[in-house]
1. Read through the list (1) in contact with a strand residue (DSSP E or B) (Cβ under 9 Å, 6 or more places away or on another chain); (2) open to solvent by less than 60 Å² (accessible area, probe 1.4 Å); (3) more than 21 Å from residue 85 (Cα to Cα); (4) not in a loop (DSSP other than H, G, I, E, B), then give the number of the only condition that residue 9 fails.
2. Strands (runs of 3 or more DSSP E) wholly in segment 99-199 with at least 2 residues that are touching a residue at least 12 places away in the same chain (Cβ under 8 Å) and open to solvent by 10 Å² or more (accessible area, probe 1.4 Å) - which ones?
3. Which residues, counting only those in segment 200-217, are of a type in the set (Gly, Ala, Ser) and either open to solvent by 30 Å² or more (accessible area, probe 1.4 Å) or at pLDDT below 95 (or both)?
4. Confirm whether residue 59 is in contact (Cβ under 8 Å) with a residue 60 or more places away in the chain, of a type outside the set (Lys, Arg), closer than 18 Å to residue 217 by Cβ and surrounded by 19 or more Cβ atoms within 10 Å (Cβ to Cβ).
5. Could you list all residues from segment 66-97 that are surrounded by fewer than 18 Cβ atoms within 10 Å (Cβ to Cβ), farther than 18 Å from residue 108 by Cβ and in contact (Cβ under 8 Å) with a residue 24 or more places away in the chain?
6. With the structure loaded, tell me whether residue 220 is over 27 Å from residue 131 (Cα atoms) and open to solvent by less than 20 Å² (accessible area, probe 1.4 Å) or whether it fails that test.
7. Looking at 25, 45, which one is more than 21 Å from residue 139 (Cα to Cα), touching a helix residue (DSSP H, G or I) at 6+ places or on another chain (Cβ under 7 Å), aliphatic (A, V, I, L, M) and part of a helix (DSSP H, G or I)?
8. How many residues does segment 71-85 contain that are over 16 Å from residue 204 (Cα atoms) and touching a helix residue (DSSP H, G or I) at 6+ places or on another chain (Cβ under 8 Å)?
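The values are calculated or read from the model by the stated rules, or taken from the named source; none is laboratory data. Bear in mind that the values here come from a model prediction, so they are computed numbers and not experimental data. Neighbour counts are summed over all protein chains in view; Cβ atoms, including those assigned to glycine, are modelled from backbone coordinates with ideal geometry. We work out accessible area using only protein heavy atoms, side chains counted, and drop any ligands, DNA or RNA first. Shrake-Rupley method; radii C 1.70, N 1.55, O 1.52, S 1.80 Å.
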Amino acid sequence: MYHKISADGQTDMLTVPVRDLEWQLHHLRQEGYRTISLSQLVNHLRQGTPLPEKPLLITFDDGYLDNFTNAYPVFRQLGMKANIFLVPSFIDTDTYLGVNDLKAMDPSLIEFGLHSFDHVNYRDLSKDAVLADLDKCKKGLTEKGIAFQPCLAFPFGAWPKKGAASQAFFDALAEQKLSAAFRIGNRLNRLPLKEPLLIERLDIRGGITQKKFTRLVRKGKSLF
């Protein structure tokens, strides 16, 4: 899971310099990982379509403009796939991707998923509010002509975790016919996936060393 990619070496919790991204992607390819798209994952979950050996899903949250200006050229050069979870209300504003940017990216390399309509925290919403937000999110992307997969990344990595509220939340995702949903968690996901609506992701932050990145990809949260 990535957020921002800087061209000038800027590093913070959400920002990885492009030179680090380049090293990380080269390392992943050398280790035999095969990047997959959200649609490949959906087809695997729905139809049992096989995934390649050592499948790796690379995701970006929020849809920052630098995903296009700084990250996309690297993925295009290497022929590797990435997936961006979009917030429709952010599109064409400030430092976020615009419709033209989204449509300029090769759909065989870059696919899009859902990240709520305006980055709301689902942990605090009722089932009806979650349903309404996802409807609005889908409609917002459709109206902009942006194709998306039935996959959701939880804003803030949050969801209601206890009792009736948790059940109502996952009922809402099922009613929306979502095939996959993503938290953070920092653990590796073994196949076959036991909980496709709670897929964990490795949080790649700015400043991570090459050694720590290598071990994180290999072992996940067991490192910490």
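1. All conditions are met except number (4).
2. Values: elements: 110-114, 151-153, 180-185.
The strands (runs of 3 or more DSSP E) meeting that bar are 110-114, 180-185.
3. 207
4. Judged against the criteria, residue 59 is a match.
5. First, pick out the residues of segment 66-97 that are surrounded by fewer than 18 Cβ atoms within 10 Å (Cβ to Cβ): 69, 73, 76-79, 89, 92-95.
The next check asks that each one be farther than 18 Å from residue 108 by Cβ; those that pass are 69, 89, 92-95.
Across segment 66-97, the qualifying residues are 69, 89, 95.
6. Details: over 27 Å from residue 131 (Cα atoms): yes; open to solvent by less than 20 Å² (accessible area, probe 1.4 Å): yes.
Against the criterion (over 27 Å from residue 131 (Cα atoms) and open to solvent by less than 20 Å² (accessible area, probe 1.4 Å)), residue 220 qualifies.
7. Values: 45 fails: touching a helix residue (DSSP H, G or I) at 6+ places or on another chain (Cβ under 7 Å).
Criteria check complete, one pass: 25.
8. 5
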